[in-house]
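Single-structure report; data block below.
The values are calculated or read from the model by the stated rules, or taken from the named source; none is laboratory data. Since the model is a prediction, treat every value here as computed from it, not as a measurement. Note: ideal-geometry Cβ built from the backbone for every residue, glycine included; neighbour counts use all protein chains shown. Ligands, DNA and RNA are stripped out before the accessible areas are found, and what is left, the full protein with its side chains, is counted by its heavy atoms. Shrake-Rupley method; radii C 1.70, N 1.55, O 1.52, S 1.80 Å.
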Amino acid sequence: MSEYKIVTAARQLAGEIQVPGDKSISHRSIMFGSLAEGVTMVRGFLHGEDNHATLNAFRAMGVEISEAADGVLTIQGRGLDGLQEPADVLDCGNSGTTMRLMCGLLSGQRFFSVLTGDQYLRRRPMKRVVKPLSEMGARILGRDGGERAPLAIDGGGIRAASYHSPIASAQVKSAVLLAGLSAEGATEVYEPHLSRDHSERMLTYFGADLQLLDGGVRLQGRPRLLGREVSVPGDISSAAFFLVAALITPGTELLIRNVGVNPTRSGVIDILQAMGGDITLQDQRTCSGEPVADLLVRSSELHGIRVGGDLVPRAIDEFPVISVAASLAQGTTVISEAEELRVKETDRIAAICGELGKLGARLEPRPDGMLIEGVEQLTGAEVGSHGDHRIAMSLAIAGLRAAGEMRINDTGCTATSFPNFWSLLEQIKQ
Ligand code: S3P
């Protein structure tokens, strides 16, 4: 709570940067690498607090994971049935992905385990995974009838299932698929809009038999996963802060190298381009089954747009910083069908509207999103992160266009996903 940052306006930004590895892909590289047979090497792994929670959990289940001086991980895979019962509670920290995906994975392991997390994670909804997993035969107990962590899992005995998820959530989809790995037969998951598909891509890359269906995916249980080399691209969710920073700062040209541009994640590029943002994808390529590009971005006159439907899951983590762009765009931006924002690391609709409002932005919260009227300029003020890394970093980007000094309280949380955010921001300021 005591950590804070002072941000001042930028005259201009320039340079070439690389952002740290993708958080979602880093989590999955440890999970699938541990469940595979043989060695998995992971380059570009995100050494942030969330991913270390996953790493520590697998070490606690007997997986040998070593880290070289350059950050490359070597995982000695133990196969589908090789994990050991952890002797203590597994602490997922602030990481919803760790907790929800582990719930699925541990449901299929024939031992007892308990998952907990920090004060924010222990408030977040878990029934969305506990319900489908229970239908597959999992025995999971938690506070509020299984809605809140800590969660205790008496694993084993999972049956394949066909699950129609009411929400487009990669965490729900991946939890069911991870449980389905241990079941005989095929497990299917359907979702209302396609959520990020990193699990599907990595499972296929490791040799699983996975088919894409109309609105869903089918995984054959008990696959033989084989260890592979994984190159984790830069996280588009981290690049998004610098995309918006460059767009809203006059006279700026910035190159962000090696960013993952998986179409299930690249909604932020589509949204910012639709707002008039000058963003070019260069040198598009594929790395370990994931599309990657360099992003060239130049400052632009932005205008408001409407965002809803299948764009929402494709940009779900970027709405805090998209709101900063919309606050400085001409006209009105309307974000709808984004009620999931209310159950992220914090209630992001309330946090964005409250904190950006203190800087003179004009936002109106709605149950499923918000309405944003653009203004010419923001004004420095004292704001807070609500313990949410993406709120803290979005506020820092807003500060680039705020007159006067701005103080952001409670900024330690940025270490969960982007430990060198502040130094990169200083590096590109002219
Ligand atoms: C994630 C899925 C998304 C996203 C989160 C990471 C993942 O959550 O917001 O930051 O790695 O599967 P939901 O599944 O709740 O949408």
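Structure data summary
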quantity: Value at 222 nm in deg cm²/dmol, rounded to 500, when DSSP H runs of n ≥ 4 in the chain each add -39,500 (n - 2.57); calculated: -9000 deg cm²/dmol
quantity: Mean accessible surface per residue for the range 370-424, computed with a 1.4 Å probe while every protein chain stays in place, in Å²; calculated: 28
quantity: Packing-based ranking, highest mean first, of 65-74, 12-21, 326-335 given that Cβ atoms within 10 Å are counted; calculated: 326-335, 12-21, 65-74
quantity: Which of G216, Q377, G267, positive extreme of dipole for the chain (C-beta unit charges); calculated: G216
quantity: Accessible area of the chain belonging to carbon and sulfur atoms, whole % at 1.4 Å probe; calculated: 47
quantity: Of P365, S323, V343, farthest towards positive along the dipole that unit charges on Lys, Arg, Asp, Glu beta carbons give the range 322-430; calculated: S323
quantity: Pairs beyond 31 Å (Cα-Cα), from K5/K127; K5/K173; K23/K131; K173/K429; K5/K131; K23/K127; calculated: K5/K127; K5/K173; K173/K429; K5/K131
quantity: Simple Cβ-charge dipole of the range 139-184, Lys/Arg +1 and Asp/Glu -1, about Cα centre, in debye nearest 20; calculated: 60
quantity: Per residue value of the accessible surface for the range 196-306 (all protein chains in place, 1.4 Å probe), Å²; calculated: 36
quantity: Ratio Rg/Rh, restricted to the chain and using Cα atoms, in which Rh is the Kirkwood radius; calculated: 0.96
quantity: Acute angle (nearest 10 degrees) that the helix 389-399 long axis makes with the longest principal axis of the chain, alpha-carbon atoms; calculated: 10
quantity: Mean-position separation - Cα centroids, the range 234-298 and the range 81-132, in angstrom; calculated: 33
quantity: Alpha-carbon gyration tensor eigenvalues x 5, square-rooted, for the range 318-430, Å; calculated: 21, 18, 12
quantity: Taking the range 1-128 and dividing mean pair separation by its residue count, relative contact order in percent (alpha carbons under 8 Å, at least six apart); calculated: 22
quantity: Order by protection proxy (mean Cβ within 10 Å, highest first), peptides 379-392, 270-283, 401-414; calculated: 379-392, 401-414, 270-283
quantity: In the range 81-171, trypsin sites (Lys or Arg not before Pro) in a DSSP loop with at most 16 other beta-carbon atoms within 10 Å; calculated: R110, R159
quantity: Check: the chain dipole with +1 on Lys, Arg Cβ and -1 on Asp, Glu Cβ, in debye; calculated: 520
quantity: The range 190-248, relative contact order [Cα under 8 Å, separation at least 6], %; calculated: 27
quantity: The range 1-104 - Kirkwood radius from inverse mean 1/r over Cα pairs (Å); calculated: 15.4
quantity: Computed Rg/Rh of the range 123-196, alpha carbon atoms with Kirkwood Rh; calculated: 0.96
quantity: E188, E318, ranked by accessible area, largest first (probe 1.4 Å); calculated: E188, E318
quantity: Solvent exposure of the range 1-82 as accessible area per residue, Å², 1.4 Å probe; calculated: 41
quantity: Acute angle (nearest 10 degrees) that the helix 236-248 long axis makes with the longest principal axis of the chain, alpha-carbon atoms; calculated: 10
quantity: Bridge type composition, the chain - antiparallel percent by DSSP, nearest 5; calculated: 70
quantity: Mean Cα-pair separation over length for the range 71-216, i.e. relative contact order, pairs under 8 Å, 6 or more apart, %; calculated: 22
quantity: Net dipole in debye of the range 225-312 [+1 Lys, Arg Cβ; -1 Asp, Glu Cβ; about Cα centre; nearest 20]; calculated: 100
quantity: Computed Rg/Rh of the range 184-311, alpha carbon atoms with Kirkwood Rh; calculated: 1.06
